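Data first, discussion second: the structure below is written as structure tokens.
The values are calculated or read from the model by the stated rules, or taken from the named source; none is laboratory data. Quick caveat: nothing in here was measured; it's all calculated off a predicted structure. Backbone-built Cβ (ideal geometry, glycine too); neighbour counts: all protein chains shown.
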Amino acid sequence: MKKIQLLSILVLSGAVLFGGKATAHKAKVNFKESGLARTESVGSVADLMIDSDKAIHGLQFDIKYNPAEIKSIIPAQISGFEVKYNELSDDLIRGLVFSMQGQALPKNLEFEFLNVEGFNGTSTIEFKEIILADSQGNGIEAEVQTYDVSFSNVIPVKTELSGSYPNPFNPTTSINYSVANESHVEIMIYDAAGRLVEELVNGHQDGGSYSITWNATNQASGMYFAKMIAGDVVQTQKLVLLK
């Protein structure tokens, strides 16, 4: 059996991975929640399922995620295969899976998702690009979907503003925060002069992680501040609106 004709093996660059031509074969690729029981209180595990009418011998993928919610995405190592991955930016990871012995990939590949401390809920990831190849390096068309990673069992350990994404932004950004215990919570937006621009949250909330979207369509470009008051905790975070 021939090895995959890789243009690049160890260097995860922007180049096309496989040197063969496209084929008429198709595959469906999607994440599915893993049945693996976790022994830790953080993170989530999912299996990348590959449903193809032809054996897959090479895989390259770019996954986009929200860094305010997900800290890292780690594909599990597979015996007999090379599993390489690299962070292309703070919200994009590129991975590469292949066998130098020409073995076909298993139908499911395990991934671990580590959440940002304090984030509790679901976070959507999406494939920006995915390349599948057969034993001769020929491309196989892949149909993909977005996937919601669940961190529902994570209990916030402290009350804090945990990040906003995107930032800089135009015109909307998601402000993420966690509440360790039931508290009266206020989330307000101020401009650089200290003037109140908008009140996003004002009420009692149970302990948990939350996200609120600020739409700044009617605001001018510039620096703003999100301020959270929850019990004895007062925190601010800088936001930059670029139009």
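Kindly indicate the residue of the stretch 190-216 that is hydroxyl-bearing (Ser, Thr, Tyr) and closer than 16 Å to GLY163 by Cα and also surrounded by the most Cβ atoms within 10 Å (Cβ to Cβ) among those meeting that condition.
Looking at residues that are hydroxyl-bearing (Ser, Thr, Tyr) and closer than 16 Å to GLY163 by Cα, I get SER209.
Which count do you get for residues in the stretch 191-228 that are within 20 Å of ALA68 (Cβ to Cβ) and at pLDDT 95 or above? The number of residues fulfilling the criteria is 12.
Listed conditions (1) within 19 Å of the chain's Cα centre (by Cα); (2) β-branched (Val, Ile, Thr); (3) buried (at least 17 other Cβ atoms within 10 Å of the Cβ) are all met by ILE56, apart from (1).
Of all residues in the stretch 136-153, at least one satisfies being free of Cβ contacts under 8 Å to residues at least 40 places away in the same chain and either at positive phi or not in a strand (DSSP E or B) (or both).
Mind telling me which of the residues GLN237, GLN219 ends up being crowded, with 16+ Cβ neighbours inside 10 Å, outside the structural domain of ASP90 (by TED's automatic domain parsing) and in a loop (DSSP other than H, G, I, E, B)?
GLN219
A single member of ILE56, ILE63, ILE73 is among the β-branched types (Val, Ile, Thr) and at pLDDT 90 or above, and it is ILE63.
Where strands (runs of 3 or more DSSP E) fall entirely within the stretch 57-102, those with at least 1 residues that are in the same structural domain as VAL116 (by TED's automatic domain parsing) and among the aromatic types (Phe, Trp, Tyr) are at 58-64, 82-89, 92-98. How about the stretch 176-204: which of its residues are part of a loop (DSSP other than H, G, I, E, B) and over 18 Å from LEU241 (Cβ atoms)? The answer is ALA180, ASN181, GLU182.
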